[in-house]
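Each value in this text was obtained by applying a stated rule to the coordinates, not by laboratory testing. Source: prediction; values computed, not measured. All Cβ positions, glycine included, derive from the backbone under ideal geometry; neighbour counts span all protein chains shown.
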């Protein structure tokens, strides 16, 4: 079995049929998507993660945060996510503060429920230097809050050095099929027992089937058989999400 460790299947075009050899981990990022996540996961019998992402923290009125957290508690997910810090979408320091407030609440929720964290982190592009109060490096800032936590860096976009730091802290790195020199360096750096594959479908890969391309990419870079990568990444996801 192949595990797509991060997908939003409820947003895929209606009529899509998931192949029987792929297990999706269905992930939410807002209260609305969390509700859809629970429905899709229960219908399919899939593992799932619920959280309030930094983009949501910026975009939505946070007066409902306590109710959103209560829903997550009641739903009993496999993990809390996606959550984190995103400096690409933050417009100013006030946005960063809202992101951080929610991120800390999500970390506390994961601690309370004894669950791992699915981390979203995106740096501010260097070209967007005019954003007052918005730092550049979200990956390092996120890692600063994760000491002693169980976590996976979803759709990892940091450096090989940052990946090494995350793994040394006990974290996992999740890779998509998207290729770049830096991602190749990350794959070379991270041991297979700390890698997962994902599609972030339909936003990155169109469907969970793109996880096959992520497996092929890791196998190519590491000089391994795809079947070995498929099994190892599936085992890592099973252990991490507890299914």
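Quick notes on this structure:
- Filtered residue count, the range 82-101, keeping only those that are outside any helix (DSSP H, G or I) and either more than 19 Å from the chain's Cα centre (by Cα) or without any contact (Cβ under 8 Å) to a residue 40 or more places away in the chain (or both): 4
- Taking the criterion of being more than 19 Å from residue 231 (Cβ to Cβ) and either without any contact (Cβ under 8 Å) to a residue 60 or more places away in the chain or in a strand (DSSP E or B) (or both), the residues of the range 1-16 that qualify are 7, 10, 14, 15.
- Condition check for residue 51: within 20 Å of residue 152 (Cα to Cα) and surrounded by fewer than 23 Cβ atoms within 10 Å (Cβ to Cβ): no
- The residues in the range 104-141 that are part of a loop (DSSP other than H, G, I, E, B) and surrounded by fewer than 18 Cβ atoms within 10 Å (Cβ to Cβ) can be counted, and the count is 9.
- Residue 170 passes every criterion in (1) in contact (Cβ under 8 Å) with a residue 40 or more places away in the chain; (2) touching a strand residue (DSSP E or B) at 6+ places or on another chain (Cβ under 9 Å); (3) surrounded by fewer than 16 Cβ atoms within 10 Å (Cβ to Cβ) apart from (1).
- Unmet requirement for residue 70, which otherwise passes all of (1) surrounded by fewer than 24 Cβ atoms within 10 Å (Cβ to Cβ); (2) more than 17 Å from the chain's Cα centre (by Cα); (3) touching a residue at least 12 places away in the same chain (Cβ under 8 Å): (3)
- Any hit, the range 146-164, residues being surrounded by fewer than 24 Cβ atoms within 10 Å (Cβ to Cβ), in contact (Cβ under 8 Å) with a residue 40 or more places away in the chain and over 17 Å from residue 80 (Cα atoms): no
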